[in-house]
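Peer 1: One structure coming up, written as structure tokens, with questions to follow.
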Amino acid sequence: MIEAGDRPLLEKIQNLPRTFEEAMDDDFNTAQSIGIIYDLVRDVNKFLAEIGRKNEQAAVLLLTAAREAFDDVSRTLGIFLREPEEWFQEARLGEHRVSLTVEQIEEHIHLRNVARDKKDWAEADRVRKVLDDAGVALFDRPGGTVWKPK
């Protein structure tokens with residue numbers, strides 16, 4: 001259950017759509033609108049760090065309310081509309097013409113590393129060529145192989 005000390009945060013979450021709309025109505029003040037979202041995210045994170053683990057029921061209630069409030073305002077700005085993993089994959093591949101999925105690229109890198117461990121240089125070169133033809137550049141670093149779209 002929500003304790004008395006958590007009520008101000010719940011009220012702030014519930015008021016997010018109204019305060020966001022007021023900022024947007026003030027000459028389309030996106031800077032203030034984003035600031036309101038940022039402040040609430042900071043407050044929710046602080047709650048989770050300090051109290052959320054002690055009171056899981058309150059954490060679930062507040063996070064559910066926050067998610068609904070964020071979903072409500074995010075449509076206006078066109079943010080938070082995709083899952084983070086989907087966004088990161090698209091950002092990593094960008095507008096480049098990569099014909100493989102991230103999973104396929106990672107699998108090819110693994111196969112290349114296995115070939116290199118066996119000193120099968122022809123196979124390692126073949127896999128590198130497959131990735132190169134798919135639009136992927138490889139970089140061998142001390143910590144392992146990394147890639148980026150060409």
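Peer 1: Could you give me the residue pairs with C-beta distances under 6 Å whose first residue belongs to the stretch 12-37 and is within 16 Å of Phe70 (Cβ to Cβ) and aliphatic (A, V, I, L, M), whose second residue is open to solvent by less than 90 Å² (accessible area, probe 1.4 Å) and not in a helix (DSSP H, G or I) wherever it lies, and which are 6+ apart or on separate chains?
Peer 2: Taking only residues 6 or more apart or on different chains, the pairs are Ala23/Asn29.
Peer 1: Sort out which residues of the stretch 21-46 are open to solvent by 40 Å² or more (accessible area, probe 1.4 Å), polar (S, T, N, Q) and assigned to a helix (DSSP H, G or I), and write them in order of number.
Peer 2: Within the stretch 21-46, Thr30, Gln32, Asn45 meet the criteria.
Peer 1: How do the helices (runs of 4 or more DSSP H) wholly within the stretch 47-127 filter down when requiring 3 or more residues that are touching a helix residue (DSSP H, G or I) at 6+ places or on another chain (Cβ under 7 Å) and modelled with pLDDT of 90 or more: which remain?
Peer 2: Output list reads 56-77, 102-117.
Peer 1: If you don't mind, another one. Give the number of residues within the stretch 95-150 that are hydroxyl-bearing (Ser, Thr, Tyr) and open to solvent by less than 80 Å² (accessible area, probe 1.4 Å).
Peer 2: Residues that pass the stated criteria total 2.
Peer 1: Looking at the stretch 133-141, is at least one residue more than 23 Å from Glu85 (Cα to Cα), more than 25 Å from the chain's Cα centre (by Cα) and not in a helix (DSSP H, G or I)?
Peer 2: yes
Peer 1: Going by the structure shown, is Leu9 under 30 Å from Glu103 (Cβ atoms), free of Cβ contacts under 8 Å to residues at least 60 places away in the same chain and among the aliphatic types (A, V, I, L, M)?
Peer 2: no
Peer 1: Kindly indicate the residue of the stretch 47-67 that is open to solvent by 20 Å² or more (accessible area, probe 1.4 Å) and within 18 Å of the chain's Cα centre (by Cα) and also farthest from Arg18 (Cα to Cα) among those meeting that condition.
Peer 2: Leu63
The values are calculated or read from the model by the stated rules, or taken from the named source; none is laboratory data. Just so it is clear, the model here is predicted, and its values are computed rather than measured. Glycine also receives a Cβ, built like all others from the backbone with ideal geometry; neighbour counts cover every protein chain displayed. All accessible areas refer to the heavy atoms of the entire protein, side chains included, with ligands and DNA or RNA removed. Shrake-Rupley method; radii C 1.70, N 1.55, O 1.52, S 1.80 Å.
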